[in-house]
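Here's the structure we're looking at; comments come further down.
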Amino acid sequence: MSKIIGIGKANISTTMSNEEWGAYVQTDDTWIRTRTGIESRHISERSTTALAVEAARVAVEQSGLSAEQIGLIIVATISADQMMPSTAASVQAAIGATDAMTFDLNAACTGFIAAFNTAQQFLANDVYEYALVIGAEQLSSVIDWSDRNTCVLFGDGAGAVLIQRSLCFLAGEVFTRGDEMGVLTLGAKGKNPYIQMNGKEVFKFATSVLTSCIERAIMRAKITEEAIDWIIPHQANKRIIEYVAKKQKIPIEKFVLNLNRYGNTSAASIPLALVDAAPNFKSGDKILLIGFGGGLTWGYSLIEWSE
Ligand code: COA
């Protein structure tokens, strides 16, 4: 039902190493590296909107499309610069997508998957021919810089994917377990304005839903596990991914991993990993994108790459 025709990411020049966190909290490179796989992350002075706009511009330019042709823009984010108007409306104005319907979507670190699967419905039902899906986060503005349990894990980033109606969406689902919302939260309106997390509970949740997404995707698409060429999981922690690879006996090389350079960028992590890994993809490759995070939410999109 769709084909990816343009991808892009925001270029953030400022990086922050694990050692640099030592100036803010009691931590060190060895702890962060061994517990999470993260070596550095980007910290941006630019807003979530600015990052989203840059990623969108790169994707549109790569596609060769004119922005007026885009029918739908969805921005997945948990760090919007304001409640109203939406980040997507700002992107629409900045890139000149004069005919696009716009909205923001919050499904935390599952946000990109929820947005991507939502866009598929509009394309499959012939409502629009082109949709722009963006994951963008300035998480450095919503972390508690004095809480070592959370601050070292996150980073800023934005990635965008421009999709055309065609035949590459094989399956996709998103799930929510709202009764467990308390393990990962971020307040608003001045209440608890920082990300708070029960790391151990989230770790257990993440490993179990990654496994179930792989199983559900192959069941829904009626393919074997071996037929999946690449898995792009939400980039939260290397140990989560290694655990699932071992348990499912899937070669770790199939998993796209770039969290060592970005940390956890929430809704931006999957499109960022997609952009970075795209040079390795061939036409026909089956790629499984899997997100999980606050809500609790989790979900996947199984796509076939075409060039
Ligand atoms: N530097 C140094 N020590 C730290 C630290 C840091 N940045 N953060 C926590 N610690 C300390 C803790 O205070 C604790 O000390 P204590 O034993 O004296 O109380 C100790 O390290 C061990 O903490 P623990 O919670 O056992 O670590 P862990 O092995 O569970 O790893 C996480 C912690 C957060 C890395 C891990 O639980 C995790 O990755 N969970 C999933 C998080 C995730 O994916 N979130 C995003 C979902 S979208």
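The values are calculated or read from the model by the stated rules, or taken from the named source; none is laboratory data. Everything quoted here is computed from the prediction, not taken from an experiment. No Cβ is skipped: glycine too gets one built from the backbone with ideal geometry, and neighbour counts run over all protein chains shown. Surface areas here come from the heavy atoms of the whole protein model, side chains and all, with no ligands, DNA or RNA. Shrake-Rupley method; radii C 1.70, N 1.55, O 1.52, S 1.80 Å.
Among the residues here, N149 qualifies as within 16 Å of the ligand (Cβ to nearest atom) and either of a type in the set (D, E) or outside any helix (DSSP H, G or I) (or both). If you go through region 152-175, how many residues are within 16 Å of the ligand (Cβ to nearest atom) and open to solvent by 40 Å² or more (accessible area, probe 1.4 Å)? Total satisfying the criteria: 2. Applying a threshold of 7 Å to beta carbon distances and a minimum spacing of six or more residues, or different chains, the list of pairs starting in region 154-170 at a residue that is at pLDDT 95 or above and ending at one that is basic (K, R) and not in a strand (DSSP E or B) is empty. L259 - would you say it is in contact (Cβ under 8 Å) with a residue 12 or more places away in the chain, of a type in the set (A, V, I, L, M) and farther than 17 Å from I4 by Cα? Taking the combined requirement at face value, the residue satisfies it.
Looking only at residues of region 257-270 that are within 16 Å of the ligand (Cβ to nearest atom) and more than 11 Å from the chain's Cα centre (by Cα), we find that the one that is surrounded by the most Cβ atoms within 10 Å (Cβ to Cβ) is G263.
Within region 240-256, one or more residues are more than 23 Å from N11 (Cα to Cα), more than 19 Å from the chain's Cα centre (by Cα) and either open to solvent by less than 10 Å² (accessible area, probe 1.4 Å) or in contact (Cβ under 8 Å) with a residue 40 or more places away in the chain (or both). The residues in region 181-228 that are farther than 24 Å from F281 by Cβ, open to solvent by less than 50 Å² (accessible area, probe 1.4 Å) and part of a loop (DSSP other than H, G, I, E, B) can be counted, and the count is 2. Within region 79-96, the set of residues being crowded, with 22+ Cβ neighbours inside 10 Å and over 12 Å from A56 (Cβ atoms) comprises S79, A80.
Looking only at region 112-137, residues that are touching a Phe, Trp or Tyr at 6+ places or on another chain (Cβ under 7 Å) and open to solvent by 10 Å² or more (accessible area, probe 1.4 Å) come to 2 in all. Whenever a residue of region 271-297 is surrounded by fewer than 21 Cβ atoms within 10 Å (Cβ to Cβ), its partners that are among the charged types (D, E, K, R) and part of a loop (DSSP other than H, G, I, E, B), lying with C-beta atoms within less than 6 angstrom and at least six residues away or across chains, give the pairs S283/E307; D285/D229; K286/D229. Considering (1) in the same structural domain as A76 (by TED's automatic domain parsing); (2) within 14 Å of the chain's Cα centre (by Cα); (3) under 20 Å from L302 (Cβ atoms), the lone condition that Q120 does not fulfil carries the number (2).
Being within 16 Å of the ligand (Cβ to nearest atom) and at pLDDT 95 or above is a property that N117 lacks.
From the residues in region 97-111 that are more than 24 Å from M197 (Cβ to Cβ) and of a type outside the set (F, W, Y), which one is surrounded by the fewest Cβ atoms within 10 Å (Cβ to Cβ)? Among residues in region 97-111 that are more than 24 Å from M197 (Cβ to Cβ) and of a type outside the set (F, W, Y), the one surrounded by the fewest Cβ atoms within 10 Å (Cβ to Cβ) is T98.
Let's see how each residue does on (1) out of contact with any Ser or Thr (no Cβ under 9 Å at 6 or more places or on another chain); (2) within 9 Å of the ligand (Cβ to nearest atom); (3) farther than 25 Å from A136 by Cα:
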{"residue": "I5", "(1), (2), (3)": "no, no, no"}
{"residue": "T14", "(1), (2), (3)": "no, no, no"}
{"residue": "W21", "(1), (2), (3)": "no, yes, no"}
{"residue": "T27", "(1), (2), (3)": "yes, yes, yes"}
{"residue": "W31", "(1), (2), (3)": "yes, yes, yes"}
{"residue": "I43", "(1), (2), (3)": "no, no, no"}
{"residue": "S47", "(1), (2), (3)": "no, no, no"}
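Among the conditions (1) in the same structural domain as T27 (by TED's automatic domain parsing); (2) open to solvent by less than 10 Å² (accessible area, probe 1.4 Å), the only one that I231 does not satisfy is (1).
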